[in-house]
Every structure is written in structure tokens, then in C-alpha cells.
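Please read the structure below before turning to the comments.
The values are calculated or read from the model by the stated rules, or taken from the named source; none is laboratory data. Computed from a prediction, not measured in an experiment: that's the story for all the values here. Every residue, glycine among them, receives a Cβ derived from its backbone with ideal geometry; neighbour counts consider all protein chains shown. Remember, those area values only see protein heavy atoms, side chains included, never the ligands or the DNA or RNA. Shrake-Rupley method; radii C 1.70, N 1.55, O 1.52, S 1.80 Å.
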Amino acid sequence: MKPVDSHSREPEDCRLKLPSSMRMPEGERLEGLVELITFHSEETGFGVLKVKARGFREVVAVVGKVPQIHVGEWIKAEGRWNIDRKHGRQFLAEHLETLVPDSLEGIEKFLGSGLIKGIGPVYAKKLVQAFGLDVLEVIENRSAELERVEGIGRMRRAQIKDSWKAQKTIREIMTFLFANGVSTGRAFRIYKAYGEEAIEKVRFDPYCLARDIKGIGFKIADQIAEKLGIEKDSVLRARAGLSYVLMELSAQGHCAYPREGLLDKSVEMLSIARETMEEALRIEVENGQLVVAPGQEDEAWVYLSALYMAEREAAGRLAEIAGGAHPCPAVDVPVAMDWVQKKLNMELAPGQKAAFQGAFQHKVLVITGGPGVGKTTLVRSLVKVLAAKKLRILLCAPTGRAAKRMAELSGMEAKTIHRLLEFEPSTGRFRHNARNPLEADVLIVDETSMIDIQLAVSLLRAVPRNGLLILVGDVDQLPSVGPGCVLRDILDSQTVPVFRLTEVFRQGAGSRIVQNAHRVNAGLMPEVGEKDEGMTARSDFFFVRAEEPERGVELIRRLVQEAVPRRFGLNPMTDVQILTPMQKGELGARHLNMALQAALNPHGTDVERFGWRFREGDRVMQTENDYDKDVFNGDIGRIERVDTGEQELVVRYDDKKVVYDFQELDELTPAYAVTVHKSQGSEYPCVILPLHTQHYVMLQRNLLYTGITRGKRLVILVGTEKAVALAVRNVEARRRHTTLQRRLREAFDAERRS
């Protein structure tokens, strides 16, 4: 048996075969108090416990599966004894259940185990001394009495009561999931979503888990449904399967999918008759969950209702904003241009001048172009003139890093879109919307290529009808992580003026990063200087050859830990970012994160949850929008504290600290290495980009281009020339199924007719 305290998976076989004359009797029973938890996996339930068992002088090792366990609990186990080669005598429990302890010693250990927030070993002792065997009943039903204990006031008492109540429900959910053969790791999320009605709700419709709970997909919900007796060919299962397939497709960026293709995928995945799938689609359309409408070439497409409405509303609102009078008073554009060029001590290029003039002629316009072409200089110029005309100006971007960079370069405050719109947790909606628009005359949005259709419609709702809207972004970058292809669709619809900047000037002309970004975008291989492997050449762009993935991992570790800090004076923990095409594989984000954590931050207080070990000092990324915490998908921070007593972890994001319960850590992932998709809207002093043929399915021109443009001072490609060449050649990026182009043309035509 492998040492359980250093491996987080159960052993293949922990039994030593004994001669029949020496074997222990089958069906033994054992009861006792849990003294120590050597190992326990919340995902599988597998655990190794040290138990003070009845009838035994020595502490007994018990091996088995239980959804949740704490020191001080009383266990009942059925199974058999076993002699392990390494660990000696163990009780292998085939059935294991836990009971609330009924002894003073057990209760004290139970309460002091960290189970209940607000109670550590010190308060556990005080509570047991004050209330004896009644303490658990006091916590549950007479919590006001807790304030008799020194140090427990109203706030701590409320914390203890709420935590006890939550833990009780979570344990019931865990037991329910465990009994149905499902990992218990998402019990906390289920509790947060459904509260005390969780089990009743899941029994009524287990497929709600796939719709509502991150990390629980259709297969897990389907497994529970089968245990609960729902037939494999039922219409309920077919309806859930249709929505699941569409949600999976939206996660790939699609806003809809051709009807026949969707039915084919669903029939294949679910092994359900096509007639049943047709009936399920009819019911979902009648109930308003799905919409069938014309897509490209009038082919019938199926939409999730929210995405269908988002496309239609976004198009209509953009057309409304584009009409009407311009908010800026009359401006002599040539005079204004001369004035601002003198003020900023620079001269606008011809393309910039055309866009500058366009901003005073149109109410909606797009400014696009690659790195070094002066998008930021143009925005600064416009802000200067519009502010001089006393117009109220707001700047925003999809991510915190993009907003911060926009503020630094424009000299004016910029916010993330989410913070600009002001989410209200009490209503679940943004405060600024069509009824309460932003108080602004001008809204300038940067990194528009990152905006998905749902965020786009929320933003457009809040833009005043008489406002000027300037969308800035690089249309050649990767599209948004979420569904839609908003910037590309706006350009392709030809409904609003587009100004594409192409002239590379200023410091960009001397930067190999900028040069190579434009070369890649034009279908040419990037150029590197001589002696690039040793990084002795004067350059900001290098290629390091690594034919084997294992060699690539080792080279990346050495670059981050040794070469880059020594040669360029950059901090490996704050200035260097690994960007990789995908999550999986040796050169994927997951494996690289483990390697870099071991190299850069090997020691410190940590906690293991959801397949990761989170350690004080680690760089981490938020992976979903959490409006209550005011952190959003893609935000990167550092772990400041891991508090095992309070079962909490604290992350610092720039100027604020955010607290996570240990059960919420599936919102975080280590961020020494992130995917190129997740890096959009950010810039880093140094980017290291592994490109290998093992990334074959993701090797695309816009991915390589996006990765290169994330680097400010230094970009290093690690991998093979073949992989780089594949990425440069591959422009056939999978086209997303969207109909925003069509909706925009229809909306602008309708606006012109009205």
C-alpha cells in the first residue's frame, strides 16, 4: 500500500493474501472514536482513520469510504481485518457510517476540529465545560445561551449557529450524493444554490444539477437520475440532454446550433429514439427554454432562449444608439486635431486622423488594429478633446488588468464593465440598465474582442440613447471565452463605421514583439535574432527549441526560475506568465502549474481541494464571475493567508482582499500557467509561450497572435518550429454559430425605416 499521507488516491489493493488457516473472520463490526484522520478525499470519500475502538487498547487503523468525517466523531464500521505489508493491521470497512459523538471527550474533539466556523480547540473546551453533553443541542436550538461563554458575543454566536446549520445540511447532501454513487466535492455548491430544499429539489429533477451547479455535468446528474428510477428513454431525460448539449456548445462559443445537427448529437449521446428527442425539443420550445429560428441561409437553428434574446436585443440597442443627434456640440475637427496634437506633443497618422474625424460624425464606431498602431494614442486624443467640450466620459474594459492599463495610458479612470454597471446581489441584476442608463455622454470600450454576447447586451442596455459609443479592439485576436463573436460580427455586418489602423510607428517599429505579431497575422513565420537560445542577443523576442515535451517543461522551469530573472531582472512570481494553448498534456496549464508551484513556491501553509493544493504565496486565477465577492473570471491574485482554523483562504487582488471558504476553492485555479484564452485583456512584462505538436488541435494563427501580443517587454516561444508553422498556417479557426450579423442588418434597416 502506498503511504496514504503523501498520496491523494486510494490504493489499488491493500490486502495481503493469507493462508486460509490464518485469515480473519468475515463480517466483523467495529465502533469507536475518530482520533486522527490520516487521509480523506472529499471527491471519492476514501479515507484512512485512526480510531479509539471499543475493546482495543491500541488505536486502530480503519480504511474505508465515507462522504465526510471529522475528528471526535463516533463511527460504526462493518468489514474485515487485513494485514498490510507496510502499515500492519487495518480494518477494511465495507460499510462505514458516522454518528455525532456522545462523550465529552468526543464532543470537544469534534467541535475543535475546524468543522464549525467560530469554534477552535479553545472555544470547544470552553463550550464543553459550560454545557457538557447538552452543548450540541444548545448550538442548534438555544444558541442565545452561547453568549454566557466568555469571548462569545452576538456576532460569533450567529457565526456558530449559521455554520452548524449549513454543515448539517451539507452533510445530508453529501450522504445523499454518496448513496447515489456521486462525488461529494460539490455539496457546498449545491447547498449555496438550493439551501435546505436541496435534496427535495434534486429528487424531483436531478438534471437541475447539470443546469445550475458548476462542476456537475449531465453525466453525474444522469447517474443520480438512474439511481432514483428515471428511465433512460424518458422525455425528462431527453429534455435535459438537449439543454446540456446546447450549453456545451455555448461553452465552445456558439449562440445556436443547426436543428438537425443538435438532434443528431443528442441522439448519439443519450441513445434515445429520435422521435423522443423531437418530442423533447417541442416541449422545451413550448416552455420557452429553447427557441427555433432561422440561422444562416434560413436553416432552422436551435437557441438557448437567453442567447436568442441577447442577440436580438443587442442588435436593436446598437441600432438605436447609432441613430439620433451626436452628443458633442459643433467641433471644427481640423482645429481640434491641431490643438490636441500640440497638447500631447505628437502627430496623428492618416488612419488615426480618419478615425478621429469619424468620432465627431458618427454615434457608434469601431476602432481596430494590431499592436503598435496607435489605438491608445487615438483614444487619448479623443478623450482630451471631448473633455474640453465638457462631455461626461466613461472608460471601461472587460477585465481588471485591461481597465487598469487603459487608465494608465489614457490618464483617466477606467473600470471593468461589471463594476461600471454595478451589480446588485439583492436583485441579481446590474443597477445600470435601460431604465437607469449610465450618466455619460461618451462611453469608450477597450478590448471589445473579449466581450461575449450576454455581457454585450448588458452593456448596451446601459448606454444612453443620445450617447457616443466607441468600441476599441483587435478583431484578429481570439474571440471571447463566452458565447458569441461580437466584435467580428459587428465588423462583418457593415452596419457601423469601422476604422482599421495599420501603420506601425513609434516604439512599436523597433520591437520584435510588435513586428512578429504583425508577421504572424500576415501568415509569416516570426523572426528571432541570432544566439536566441542563450538569450544573449539584444532582443525582446526569442525561440527556445524543445523537441520533447518533457524537455520543454524543464526549459520553462529554468527560464522562469533562473534565466529570465538573471538576464532581464524580472521577478518570476509577479512578472513572468506562462501562456499555453490548452489545459491538458505535459505542456498544458495543469501540468505546468504543478511544476512551477514546486519550483517557485514549494513550502508554506496549504490546503488541498478539488484536485489542487493551494499554498500561501501562490498566484491564482478566479475562474468565474462572483458578484458577491466582486471578483470576475480571469482576475489574478496572490494567496495571502490559509487559515485552517476558520477553513478560509484570503487572496489579494491588487488593492483588495477576498475571503474564500475552503468549499469555494473550485472558483480558483493556480495561475503560474494559464491558457491563452484566459489571458485576453491582460499584458505581462514577460510571456513564455509553449508551442508543441501535442497542442495540435489548438494550433491556430489567432491563438499564436494573441499570445504574442500579451507580452510587453519579453516574449519567449518554447517548442518546435513545426508547431509554430502549423499555428501560423492555420487560419481555419472554427467558425462560431451566431446570427448577430443578421440581426444587426435587420435592426439597422428597421431603424432607418422608422
> Name the pairs: first residue in region 271-297 and closer than 15 Å to Asp233 by Cβ, second residue surrounded by fewer than 15 Cβ atoms within 10 Å (Cβ to Cβ), Cβ to Cβ under 7 Å, at least 6 apart or on different chains?
Replying inline: Ile272/Asp233; Ala273/Asp233; Thr276/Asp233
> Which of the residues that make up region 485-494 are open to solvent by 30 Å² or more (accessible area, probe 1.4 Å) and either polar (S, T, N, Q) or within 29 Å of the chain's Cα centre (by Cα) (or both)?
Replying inline: Arg488, Gln494
> How many of the residues in region 372-417 are among the basic types (Lys, Arg), out of contact with any Leu (no Cβ under 8 Å at 6 or more places or on another chain) and either free of Cβ contacts under 8 Å to residues at least 40 places away in the same chain or not in a loop (DSSP other than H, G, I, E, B) (or both)?
Replying inline: 4
>> Checking the condition surrounded by fewer than 13 Cβ atoms within 10 Å (Cβ to Cβ), touching a Ser or Thr at 6+ places or on another chain (Cβ under 9 Å), in contact (Cβ under 8 Å) with a residue 60 or more places away in the chain and not in a helix (DSSP H, G or I), which residue from Lys232, Lys214 passes?
In response: Lys214
> Applying the selection to region 69-95, what residues are open to solvent by 20 Å² or more (accessible area, probe 1.4 Å) and within 23 Å of Ser113 (Cα to Cα)?
Replying inline: His70, Val71, Trp74, Lys76
> Could you count how many residues in region 354-369 are outside any loop (DSSP other than H, G, I, E, B), touching a helix residue (DSSP H, G or I) at 6+ places or on another chain (Cβ under 8 Å) and closer than 21 Å to Glu447 by Cα?
Replying inline: 8
> Which of the residues spanning region 235-271 are more than 22 Å from Gly482 (Cβ to Cβ), surrounded by fewer than 22 Cβ atoms within 10 Å (Cβ to Cβ) and in contact with a Lys or Arg (Cβ under 9 Å, 6 or more places away or on another chain)?
Replying inline: Leu263, Asp264, Val267, Ser271
> Out of (1) under 30 Å from Arg156 (Cα atoms); (2) out of contact with any strand residue (DSSP E or B) (no Cβ under 7 Å at 6 or more places or on another chain); (3) open to solvent by 10 Å² or more (accessible area, probe 1.4 Å); (4) free of Cβ contacts under 8 Å to residues at least 40 places away in the same chain, what's the single condition that is false for Ile37?
Replying inline: (2)
>> I need every pair where a residue in region 437-452 that is of a type outside the set (A, V, I, L, M) has its Cβ under 6 Å from the Cβ of a residue that is assigned to a strand (DSSP E or B), sequence separation at least 6 or different chains.
In response: Asp446/Ala397; Asp446/Val472; Glu447/Ala397; Glu447/Gly473; Thr448/Leu471; Thr448/Gly473; Ser449/Gly473
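Residue-wise test of (1) closer than 22 Å to Asn466 by Cα; (2) open to solvent by 20 Å² or more (accessible area, probe 1.4 Å); (3) at pLDDT 90 or above.
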{"site": "Cys396", "(1), (2), (3)": "yes, no, yes"}
{"site": "Glu408", "(1), (2), (3)": "no, yes, no"}
{"site": "Gly411", "(1), (2), (3)": "no, yes, no"}
{"site": "Lys415", "(1), (2), (3)": "yes, yes, yes"}
{"site": "Arg435", "(1), (2), (3)": "yes, yes, yes"}
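Looking only at region 305-329, count every residue that is open to solvent by 10 Å² or more (accessible area, probe 1.4 Å), over 30 Å from Lys389 (Cβ atoms) and hydrophobic (A, V, I, L, M, F, W, C) and tell me the total.
2
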>> Of all residues being out of contact with any helix residue (DSSP H, G or I) (no Cβ under 6 Å at 6 or more places or on another chain), in a loop (DSSP other than H, G, I, E, B) and not hydroxyl-bearing (Ser, Thr, Tyr) in region 635-650, which is modelled with the highest pLDDT? Just the residue, please.
In response: Glu646
> If we scan region 462-469, do we find a residue that is charged (D, E, K, R), over 18 Å from Lys375 (Cα atoms) and at pLDDT 95 or above?
Replying inline: no
>> Can you pull out every residue in region 272-304 that is buried (at least 17 other Cβ atoms within 10 Å of the Cβ), in a loop (DSSP other than H, G, I, E, B) and over 32 Å from the mean Cα position of the chain (by Cα)?
In response: Ile272
> Which of the following residues is at pLDDT 80 or above and under 17 Å from Ala210 (Cβ atoms): Ile160, Ile152, Ile190?
Replying inline: Ile190
> Could you say which residue among Arg742, Arg752, Arg713 is in contact with a Leu (Cβ under 9 Å, 6 or more places away or on another chain), open to solvent by 20 Å² or more (accessible area, probe 1.4 Å) and more than 17 Å from Gly585 (Cβ to Cβ)?
Replying inline: Arg713
